[in-house]
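Structure first, commentary second.
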Amino acid sequence: MTEKYPLNLPQTDFPMKANSATREVETQKFWDENKVYEKSLEKRKASDKFVLHDGPPYLSSAKIHIGTALNKILKDIVTKYKAQKGFYAPYVPGYDSHGLPIETAVLKEVKGGRAALTPVELRRRCRDFALGNLKGQEANFRRLGVWGNWAEPYITLDKKFEAAQIRVFGKMATAGYLYKGLKSVSWCPNCETALAEAEVEYADHVSNSIYVKFNVDEGSRDKLPAFVPAGAEVNFVIWTTTPWTLPANLAVALHPEFEYQFLQSPNDGVLVVATQLKDDFVNKVGLDPASLKLLGTAQGKTLEFILTRHPFMDRPSMVILGEHVTAEAGTGVVHTAPGHGPEDFEIGHKYKLGVLSPVDGRGIFTAEAGKFAGERFDKSNMPIVEYLKELGKLMHHSTYSHSYPHCWRCKKPLIFRATEQWFASVDGFRKEALAAIDTVQWIPASGRNRIFTMVEKRNDWCISRQRAWGVPIPVFYCKGCGKYLMSSQSIERVAAVFAVEGSDAWWEQEASHFLGSNFPCPTCGGTEYTKETDIMDVWFDSGSTHSAVLDAREDELRGSPCEMYLEGSDQHRGWFQSSLLTSVATHNRAPYKTVLTHGFVVDETGKKMSKSIGNVVDPDDVIKQYGADVLRLWVASVNYTDDIPIGKNMLVQLAEVYRKLRNTARYLLGNLSDFDPEKDRVPLSELSKLDAFIVHRLHELVAGVTEDFDRYEFFKYYQLLQNFCVVDLSSFYFDIVKDRLYVTAPKSKERRSVQTVLEQVLQVIVRLLVPVTPHLAEDIWQFTPEKIRKASTNDLSVLLSDFPVPDMKHHNQFLDDFWTEVIPVRNTVNKALEQARAEKKIGKSVEAKVLLHFDKPELAEKVASLGNTLPSIFIVSQAEVTNAPGSNGSNGGNGKEHSEAPIAELTENGLKVTVLKADGEKCARCWKYSTKVGSDKTYTDVCDECAEALPQFDRK
RNA sequence: GCACGAAUAGCACAAUGGUUGUGCAAACGCAUGAUAAGCGUUCGGCUCUAGGUUCGAGUCCUAGUUCGUGCACCA
């Protein structure tokens, strides 16, 4: 194009295209090399702290998934914002490195399994595996733009961490909160270990449903009601969905208050079932109701102590009473196996039935199971059913779908198994824990009830695991008397060794290595010990971070309690709870002041993500295609308290918004290339109504987003910021002001006024972008002219800058009201112009002149008050208010009567807009139409304004 | 099964009990001096359903549906 006349076109090297794949990585390198995170801490080290304590992600995989990315990004948004607000806001990332899933994953690769390795070898492999995954996860996290102390993360396998954890255990032990006991616990036969409640999840499962007859023993005949005929065969009928637990059966339970019917059947003798369940039973089993004769009824409690014969084991099974028997399903006669159910265990204890648990750790029947010995529990369901059938004890067999407990790690069905385990007695400090919950701010507030009811109802915490990869339970057994040793001194000795040698020492060294040769047993005085072989539940590891990290790194993290824990809502039963319990047990306080939770990531249709459906979004792919900032923008755009959707469609839109933000910045930078704030700023009081309005809107924006960030409602920030950029700036202010920027003399006050506003906008926006899109913010900052950077803080990195503070002196209610009325006028004018355009009467709006006639004189006056700036508001060449006092010809019109006919007319909301062809000729420079074109002697094809401006341009 | 939460345009989010809105997307157009940009117009909603309170309900109440989360599960 011919550069005939000079213009002030935008000048900037800030690229329109983000090129995120390389540019973001460069930016991150810049932050690393310049130690921006460390500098931010240094700058704030004397300030109030805001410590967000990282919940450690589990190191079972080297790649993070989208939910983990979301979590880390949320944390980073919070810490970056708090740092900008002037807080000392360190972030120490952590990793959860022990535990069953890692051990299982490692063993999968070992030929010969567990037996092929010594515990120490196995542990070394687990360690390598975990640390390898750590590398991968760290790279993933850093690529997200998350800042923090990556050089010194915390890792639960760290020696000092382990020592601290042992000391937490010690404090709980000496407080009397830990004990060893025989209980029926959830057991994963696949993982060969006990599980805590938090590790159990329910999933649909198809079980065998069987009805089995328990024949009354001859010896108990006299205990039966009198109406039972002598010599009759009497059968209590139980229902169960786990045939494999029958070998462990020791009793049948009735409800003491239920009424039981004695039914004479044609082929099965006298059947005993609860009255309430009789119809259901008859129906399910397929008996003919007419063939049954009711002999009489008896209350459950009258039938206690009757002995029945176990259907296939040579022993009696006694009738006992229990309140846990329900009338919801089955027969009201409950098969009771104390070794395989918590309720059965308790009732068994009451009746002194003993505990029979004929299943080993791998789920294989032991010799106690008789003919089923050697069989895996789940493989023996059918053989047992077949056997019952053979014996004539089976009344009915079908399948039954219900939800059933599964191991949340390996996803396989669990069993209940009575074993000796270590427990933390939640009862011992439940009251304190509940009180501590109410000292915490839960966001959203429903989290409080969630954890409260969980803690209120939870049973003792089973903290022992029969595995190798973890921190050992630091307990010794006296060889002399067999009693266990768990004193503050003995535990401290373990901690001291671990701090130096790590917990491998437990497997490498003898007990004397810890206790010395003269540590007398408090019971018998013996000095020879063996070591406990169980390790601690990993939840105890991560539950100890408040001590092992917050307290242990007090210089850096200022100790427990910290300001915030921020995790997915599943952690109410996980980390939030384990941390709370250990913190309350040792310090009688919560380890956090605020707990913020988010929901789970789902696909765009609201479905859970799963590999089998193939709707999984990989954060890596998003970053490759769009960059980390777009992913971060996604995090900021959604209301994370509920399910959080993500998908292709959303990402495309987010990328658009990102581009809009980027181009907004590019416009600002381009038009500020020649602006020196020190010399060129125009005082606020001298700005036009339009310019001052944008400053006002900017102030409103800052006030709004500050509130949003303080409430952690980032999606509101996202909306506000986007609306400001699109509605206030791009389609309104930028569009209007372009002409002034490009056309007026470089140093003219009109142009400097706009630049004054643009500079303010830039200074604010670039800072508002920091928490969510730090790469973009930094990119903008690095392309900001030196003079403008100097005008604020001239920080090396924008991440070191302060968050803008809303400034009331920029608030202007008058202008707010004014433009609230005038902007709709502009919209109406746009519609009228569009009519003319649709009829091909005009192309650009500057080809038009508009006449405005208002029903309301006040509004006419208001609009007319914009004076000669009125045409620019509509981006037309001339605009007149025809019914405002004194408006005649003063608004860019030529004062003549309009000779041409209107090319479009529109009446709307009390405003009539008439569109005419613009008066005069097109100015060769500013492209507006003017009757003054040609009036200048030097510049013969331009308008008067251009002619006036041109001499002020430097000749090139 | 119980509890809690949610449901507004294709998508993301708004709306002190008072005319359902913003952006994106889509369609059409303008422009070509923010240019792999920009602007305009248009389209798009029985605010999940059914009742109720109210002068007036997206909003409050009741019941239900769907989704989600948590808890409990049948021995």
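The values are calculated or read from the model by the stated rules, or taken from the named source; none is laboratory data. Because the structure is a prediction, the values reported are computed rather than measured. For neighbour counting, all protein chains shown are included, and Cβ atoms are generated from backbone atoms with ideal geometry for every residue, glycine included. In case anyone asks, the SASA skips ligands and DNA or RNA and just uses the protein heavy atoms, side chains included. Shrake-Rupley method; radii C 1.70, N 1.55, O 1.52, S 1.80 Å.
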### Of the trypsin sites (Lys or Arg not before Pro) in the stretch A:433-519, those whose Cβ has at most 15 other Cβ within 10 Å and which sit in DSSP loop
A:LYS479, A:LYS483
### Query
How many nm separate the modelled label positions at A:LYS790 and A:ASP279, each set 7 Å beyond the Cα in the direction of the Cβ?
9.3 nm
### Task
Return the distance in nm (one decimal) between the two label points of a simple spin-label model at A:ASP32 and A:GLU528, each offset 7 Å from Cα along Cα→Cβ.
5.6 nm
### Query
Rounded to a whole number, what % of the accessible area of chain A do carbon and sulfur atoms account for, probe 1.4 Å?
50 percent
### Summary
Once the in-chain neighbours fewer than 8 apart are removed, the lysines whose Cα is under 18 Å from A:LYS862 read A:LYS689, A:LYS912
### Query
Relative to the longest principal Cα axis of chain A, at what angle does helix A:689-710 sit, 0 to 90 degrees, rounded to 10?
10 degrees
#### Entry: Difference of contour (0.36 nm per residue) and Cα-Cα distance, A:THR297 to A:LYS412
37.1 nm
### Task
Could you tell me the accessible area of A:THR907 in Å² (1.4 Å probe, neighbours in place), rounded to the nearest ten?
100 Å²
### Query
Okay, helix-only estimate at 222 nm for chain A: each DSSP H run of n ≥ 4 adds -39500 (n - 2.57), divide by all residues, round to 500 deg cm²/dmol; what do you get?
-11500 deg cm²/dmol
### Query
Working out 0.36 nm times the residue gap between A:ARG315 and A:GLU905, then minus their Cα-Cα distance, what length gain in nm do you get to one decimal?
202.3 nm
### Message
On a 1.4 Å probe surface of the protein chains, which of A:LYS689, A:LYS171, A:LYS608 comes out largest in accessible area, and what is the full order?
### Response
A:LYS608, A:LYS171, A:LYS689
### Task
Only bridges with both residues in chain A count here: give the DSSP antiparallel percent, nearest 5.
75 percent
### Query
What distance in nm separates the simple spin-label points at A:GLU257 and A:LYS45, each placed 7 Å from Cα in the Cβ direction?
6.9 nm
### Out-of-range pairs (alpha-carbon distance over 31 Å; input A:LYS17/A:LYS844; A:LYS35/A:LYS159; A:LYS17/A:LYS840; A:LYS35/A:LYS809; A:LYS301/A:LYS457)
A:LYS17/A:LYS840; A:LYS35/A:LYS809
#### Entry: Dimensionless Rg over Rh [the stretch A:1-60; C-alpha; Kirkwood]
1.27
### Query
Which lysines have a Cα less than 21 Å from the Cα of A:LYS787, not counting those fewer than 8 places away in the same chain?
A:LYS679, A:LYS747, A:LYS749
### Query
Using a cut-off of 22 Å between alpha-carbon atoms, which lysines can reach A:LYS593, once sequence neighbours fewer than 8 places away in the same chain are excluded?
A:LYS45, A:LYS49, A:LYS72, A:LYS75, A:LYS80, A:LYS82, A:LYS85, A:LYS431
### Message
How much accessible area per residue does chain A have, counting only protein heavy atoms and a probe of 1.4 Å, in square angstrom?
### Response
42 Å²
### Message
What percent of all Cα-Cα pairs in chain A falls into each 20 Å bin, going from 0 up to the bin containing the maximum distance?
### Response
12, 31, 26, 17, 11, 3, 0
#### Entry: Potential extension, A:ALA373-A:THR605 segment - 0.36 nm per residue separation minus Cα distance
78.6 nm
### In Å², nearest 10: area of A:PHE540 left accessible to a 1.4 Å probe
0 Å²
### Per-pair calculated FRET efficiency, R0 = 25 Å: A:ARG124 and A:ASP620 via Cβ, rounded to 0.05
0.25
